[in-house]
Amino acid sequence: MYLCNPKMNVMARLKYNFTWKKYHRWLGLVLSVFMLVFSVSGIILNHREVFSGCEVSRKWLPASYHIKNFNNGVVKGTVMKKSAAHSLSSENCDSVLAYGCAGVFLTDSRLSTWQDFNAGLPESIDERNVRHVVKAKDGSLWCAALRDVYRYDENSHRWKKVELPGNEERIMDVALAKDSMTVVALTRSRVFTIVPFVQYGEIVKIGKSSSETYRVESKIIPAPKKYEPKTTLFKLVWHLHSGEFFGLPGKLVVDAIALVLIVLSITGILLFILPYGIRRAKKLAAKARMKRLGKQFAWNMKWHNKIGYVTIVLTLWIAITGMCLRPPLMVPLVLSKLPQAVGEDGNVWQDKLRAIRWDAVQGDWLVSTSEGFLRVDEDFSQAPKMLPDAECPKLSPMGVTVWESDGKGGWIVGSFRGIYRWNPVNHSLNQILDYFTGKPSEETSMIPISDNLVCGYSEDFLGGKPLVFDFAKGVEDAKGQAVALCNDEPKKSRNEESMSDLICETAPMSLWNVALELHVGRCYSPFLGPLSDLFVFLSGLLITLVLLSGYIISHRRRKKAQARLK
């Protein structure tokens, strides 16, 4: 019909163009705020070390981020420490070290008082995130912080860093070997063994004044027999989104694209606001002000259109890859496998290692990886055995958060997917039991996160009572019932504080973690509820349409301008 009636055809096109402009104008205005948040937070996420010293008080964050009853990962585990020099109680109550995202704290088995135990650890809350603490046979304490391994010096009462030669990765775990003296530090790609009191090999001194020496050796876990290294399509898209796929130059390019989106958002907001100012100036007959605002409008329009048109491919790249990294698109990406390139060192576990424990029953190492569990020999020299998935507890993508011996040859394993009793030696159908119910695990959901966001475990409080620390709900007992542990008794000395004074009010959140919560949309859960999981996908989809609509409008204007010149 439109082809037969030129006038109606023109009207239809005008209406079509108006629809694109209206969409770009109003939806772009709303989304520009979120584009600013995505862009700024993305730059911070791309440069964690640069922003590691920046912190945000939790009082400025939604209530779910406030510390209440040891939630939010402030306690991941505990170690019993019976030291008279650091006893917190005149009644010789056992001293307990509690560690987590805020560092290490000294308390007692009754949680009556708390004392800061972070001397020597990094001052930055991000770098002070302690993953695990172990106590060797000689009583020495070792901890795995975000980037380094530390040993506690009883003489100076400070943690002292142990250099791991050549390591530039984050520390994932620390464990004791068979002799309970050798310390094994696990990074995301390799193993470091720290053997005390040796006179050969590479010597590392703990502090300038320390006479204790250690041999540090780096080891690569071999590939299992017939193992074909693979990666996920999700990881590839992730590295494309961050620019990490192309190294530092790629990250800088992504940062530049983020700056482009910031410019487009700000100029877009100005283009929405300035016409109102121009009309108001016109009504008031303020010609000078109207002329000035008109020039500002023209300048912003020029660069908004030019920058948006030239960078459309790059901005679409960021928007599309970003919305693929959250549900629902992330699920098929995680399930899709791709061949993995192996470096010159032959390490097939690059960026795949997550946790490690010595299995005294079997006499070998159990290693948790992003692809499942491994059994590795004592010296990490022979081909490991990959345990079948059906014989292992299911873990969330964030990896194992609890891994403790049950004292009976089995393990208590927890993650954001729940907590389980696991006996890897018993190959019966009931080898994996839900910790709370005692029933066999029945994993049916495709969502890799459960209602029990387990982040810690301890048997050192309240007379050895097993306690599970949930990231959202705080402390629970062995039946999943809430337990109130916060003790706010008055301070006993200048160095002793109540839990609320020392942790609840003084454990800030690193700027990097705040940026992560903003970037993935979790901070909007108090307002959006279950829809917060879809926030990134829906935002990415709408931002993609805004970018495309802007490109279409600008492209048509360019074609019309070229037609006039002809």
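The values are calculated or read from the model by the stated rules, or taken from the named source; none is laboratory data. Values in this document were obtained by computation on a predicted structure and should not be read as measured data. FYI the Cβ positions are ideal-geometry reconstructions off the backbone, even for glycines, and counts take in every protein chain you see.
Could you list, in sequence order, the residues of the stretch 158-177 that are part of a loop (DSSP other than H, G, I, E, B) and either in contact with a His (Cβ under 8 Å, 6 or more places away or on another chain) or among the charged types (D, E, K, R) (or both)?
163, 168, 169, 170
Would you confirm whether or not the stretch 34-56 contains a residue that is at pLDDT below 95 and of a type in the set (Lys, Arg)?
For the stretch 34-56, residues at pLDDT below 95 and of a type in the set (Lys, Arg): absent.
With the condition kept exactly as written, say whether any residue in the stretch 239-248 is out of contact with any His (no Cβ under 6 Å at 6 or more places or on another chain) and over 30 Å from residue 370 (Cβ atoms).
Scanning the stretch 239-248, I find no residue that is out of contact with any His (no Cβ under 6 Å at 6 or more places or on another chain) and over 30 Å from residue 370 (Cβ atoms), so the answer is no.
Take residue 282 and tell me if it is over 26 Å from residue 550 (Cβ atoms), free of Cβ contacts under 8 Å to residues at least 40 places away in the same chain and part of a helix (DSSP H, G or I).
Spelling it out, residue 282 is indeed over 26 Å from residue 550 (Cβ atoms), free of Cβ contacts under 8 Å to residues at least 40 places away in the same chain and part of a helix (DSSP H, G or I).
Name the pairs: first residue in the stretch 338-350 and closer than 10 Å to residue 230 by Cβ and touching a residue at least 60 places away in the same chain (Cβ under 8 Å), second residue of a type in the set (Gly, Ala, Ser) and surrounded by 10 or more Cβ atoms within 10 Å (Cβ to Cβ), Cβ to Cβ under 6 Å, at least 6 apart or on different chains?
Filtered contacts from the stretch 338-350: 348/223.
How many residues are at pLDDT below 90 and among the hydroxyl-bearing types (Ser, Thr, Tyr) when one looks only at the stretch 396-430?
1
Can you list residue pairs whose Cβ atoms sit under 9 Å apart, with the first residue in the stretch 378-389 being over 9 Å from residue 224 (Cα atoms) and the second being of a type in the set (Gly, Ala, Ser) and assigned to a strand (DSSP E or B)? Count only pairs 6 or more apart in sequence or on different chains.
387/372; 388/372; 389/372
With the structure loaded, tell me whether residue 294 is out of contact with any strand residue (DSSP E or B) (no Cβ under 7 Å at 6 or more places or on another chain), farther than 26 Å from residue 250 by Cβ and surrounded by 15 or more Cβ atoms within 10 Å (Cβ to Cβ) or whether it fails that test.
So residue 294 fits the description; yes.
Name the strands (runs of 3 or more DSSP E) wholly within the stretch 331-443 that hold at least 3 residues that are surrounded by 13 or more Cβ atoms within 10 Å (Cβ to Cβ) and charged (D, E, K, R)?
353-359
Please go through the stretch 285-316 and give me each residue that is closer than 27 Å to residue 546 by Cβ and hydrophobic (A, V, I, L, M, F, W, C), ordered by number.
293, 297, 298, 299, 301, 303, 307, 310, 312, 313, 314, 316
If I go through the stretch 78-137 residue by residue, how many of them are among the hydrophobic types (A, V, I, L, M, F, W, C), buried (at least 17 other Cβ atoms within 10 Å of the Cβ) and at pLDDT 90 or above?
16
In the stretch 129-153, which residues are under 13 Å from residue 97 (Cβ atoms) and not basic (Lys, Arg)?
130, 132, 133, 134, 139, 140, 141, 142, 143, 150, 152
Filtering the stretch 209-265 down to residues that are part of a loop (DSSP other than H, G, I, E, B) and either in contact with a Cys (Cβ under 7 Å, 6 or more places away or on another chain) or β-branched (Val, Ile, Thr) (or both), which residue is surrounded by the fewest Cβ atoms within 10 Å (Cβ to Cβ)?
220
So for the stretch 242-262 (the condition being modelled with pLDDT of 95 or more and of a type in the set (Lys, Arg)), does at least one residue qualify?
Yes; the residues of the stretch 242-262 include at least one that is modelled with pLDDT of 95 or more and of a type in the set (Lys, Arg).
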